[in-house]
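**Student:** Structure incoming, see below.
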Amino acid sequence: MQLAGQRGNLVGMGAIFTQMVEREGPRSLYLGFAPALTRSLIYGGLRLGLYEPCKHVCSYAFGSTNFAFKFASGVVAGALATALTNPMEVLKVRSQMSTSRISTIGVMREIVSEEGVKALWKGVGPAMVRAGCLTASQMATYDEAKQVLLMWTPLEEGRAASLERLVHL
C-alpha cells in the first residue's frame with residue numbers, strides 16, 4: 001500500500017494484491033522480505049535489550065528510575081535500535097521498488113555505488129523519533145504496570161503467575 005501511489009491508483013489492499021499477482025507474479029508479494037525479517041529480529045532484540053541498561057544508567061546518574069526516566073530510557077533504546085537497523089529498512093523499501101529482481105545484497109551494492117554508504121541511513125531521523133516514542137510508551141508503561149502488580153499483589157519478580165494464584169487475589 002505504501003508504494004501503490006507510485007505503481008498505480010490507490011484502490012485498496014485487495015485490488016493491489018490482485019494487481020501485483022497478475023502483473024508481477026506471486027513472488028512480488030515477498031519483495032523485501034529478507035531485509036524486513038532481518039530488521040524485525042535485530043530491532044526487536046535491540047530495543048528490548050537496550051532498555052534495561054539505559055534504565056540502569058539513569059538510576060546510577062540520577063538516583064531514580066521514576067516514570068520520566070523509564071520513558072527517557074525507552075526513547076533512547078528505541079532510537080538507538082532504529083539507528084542501527086535503518087539500513088535494513090532502506091533495503092526493504094528499495095527491494096520493493098526495484099523493477100529488477102536482484103538480491104538484497106545486489107540492492108545494497110547498487111545503493112552504495114550510486115549514492116554512497118550514507119544513503120543506507122536515509123530517513124533515519126524521523127524513524128528514530130517514531131521508534132523512540134513507541135518504545136518509550138510501551139516499555140515505561142509495561143515497567144510501571146509491573147511494579148504496581150508486584151506492589152499490590154502477592155506476585156513476585158521472576159515467578160510465573162499461575163491462573164490459580166491470580167484468582168485468589
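**Student:** For region 123-138, name all the residues that are over 30 Å from MET20 (Cβ atoms) and surrounded by fewer than 14 Cβ atoms within 10 Å (Cβ to Cβ).
**Tutor:** Answer for region 123-138, where residues must be over 30 Å from MET20 (Cβ atoms) and surrounded by fewer than 14 Cβ atoms within 10 Å (Cβ to Cβ): just GLY125.
**Student:** For LEU120, indicate whether it is in a helix (DSSP H, G or I), surrounded by 15 or more Cβ atoms within 10 Å (Cβ to Cβ), free of Cβ contacts under 8 Å to residues at least 40 places away in the same chain and not charged (D, E, K, R).
**Tutor:** On the way: in a helix (DSSP H, G or I): yes; surrounded by 15 or more Cβ atoms within 10 Å (Cβ to Cβ): yes; free of Cβ contacts under 8 Å to residues at least 40 places away in the same chain: yes; not charged (D, E, K, R): yes.
When the stated conditions are applied, LEU120 passes them.
**Student:** Right, something else. Does GLU156 satisfy being of a type in the set (Asp, Glu), open to solvent by 70 Å² or more (accessible area, probe 1.4 Å) and under 26 Å from PHE33 (Cβ atoms)?
**Tutor:** Taking the combined requirement at face value, the residue does not satisfy it.
**Student:** On the basis of being assigned to a helix (DSSP H, G or I), among the aromatic types (Phe, Trp, Tyr), open to solvent by 40 Å² or more (accessible area, probe 1.4 Å) and farther than 30 Å from ALA145 by Cβ, does PHE17 make the cut?
**Tutor:** Numbers: assigned to a helix (DSSP H, G or I): yes; among the aromatic types (Phe, Trp, Tyr): yes; open to solvent by 40 Å² or more (accessible area, probe 1.4 Å): yes; farther than 30 Å from ALA145 by Cβ: yes.
Yes; evaluated as a whole, the condition is true for this residue.
**Student:** Taking region 35-58 as the search range and keeping residues that are open to solvent by less than 50 Å² (accessible area, probe 1.4 Å) and hydroxyl-bearing (Ser, Thr, Tyr), which one is farthest from PRO126 (Cα to Cα)?
**Tutor:** TYR51
**Student:** Looking at SER100 and the list (1) open to solvent by 60 Å² or more (accessible area, probe 1.4 Å); (2) not in a helix (DSSP H, G or I), which single condition is not satisfied?
**Tutor:** (1)
**Student:** Now for a separate question. Can you pull out the residues in region 144-153 that are of a type in the set (A, V, I, L, M) and open to solvent by 70 Å² or more (accessible area, probe 1.4 Å)? Outline the logic, then answer.
**Tutor:** Narrowing region 144-153 to residues of a type in the set (A, V, I, L, M): 145, 148-151.
If the condition is that a residue be of a type in the set (A, V, I, L, M) and open to solvent by 70 Å² or more (accessible area, probe 1.4 Å), then LEU149, MET151 are the ones that fit.
**Student:** So, one more: Just to be sure before I move on: is SER113 in a loop (DSSP other than H, G, I, E, B) and either exposed (fewer than 14 other Cβ atoms within 10 Å of the Cβ) or among the hydrophobic types (A, V, I, L, M, F, W, C) (or both) in the structure I sent? Break it down stepwise before answering.
**Tutor:** Working: in a loop (DSSP other than H, G, I, E, B): no; either exposed (fewer than 14 other Cβ atoms within 10 Å of the Cβ) or among the hydrophobic types (A, V, I, L, M, F, W, C) (or both): yes.
No, not satisfied.
**Student:** I'm told THR141 meets every condition in (1) more than 13 Å from the chain's Cα centre (by Cα); (2) hydroxyl-bearing (Ser, Thr, Tyr); (3) open to solvent by less than 50 Å² (accessible area, probe 1.4 Å); (4) within 14 Å of TYR51 (Cβ to Cβ) except one. Can you identify the failing condition by its number?
**Tutor:** (3)
**Student:** Please go through region 69-97 and give me each residue that is of a type in the set (Gly, Ala, Ser), under 13 Å from the mean Cα position of the chain (by Cα) and crowded, with 21+ Cβ neighbours inside 10 Å, ordered by number. Spell out the reasoning first.
**Tutor:** Step one: list which residues in region 69-97 are of a type in the set (Gly, Ala, Ser), which gives 72-74, 77-79, 81, 83, 95.
With the extra rule that they be under 13 Å from the mean Cα position of the chain (by Cα), the set shrinks to 74, 77-79, 81, 83.
Matches in region 69-97: GLY74, ALA77, GLY78, ALA79, ALA81.
The values are calculated or read from the model by the stated rules, or taken from the named source; none is laboratory data. Model, not experiment: these values are computed from the prediction. Don't worry about glycine lacking a Cβ; one is built from the backbone with ideal geometry, like all the others, and counts go over all protein chains shown. Remember, those area values only see protein heavy atoms, side chains included, never the ligands or the DNA or RNA. Shrake-Rupley method; radii C 1.70, N 1.55, O 1.52, S 1.80 Å.
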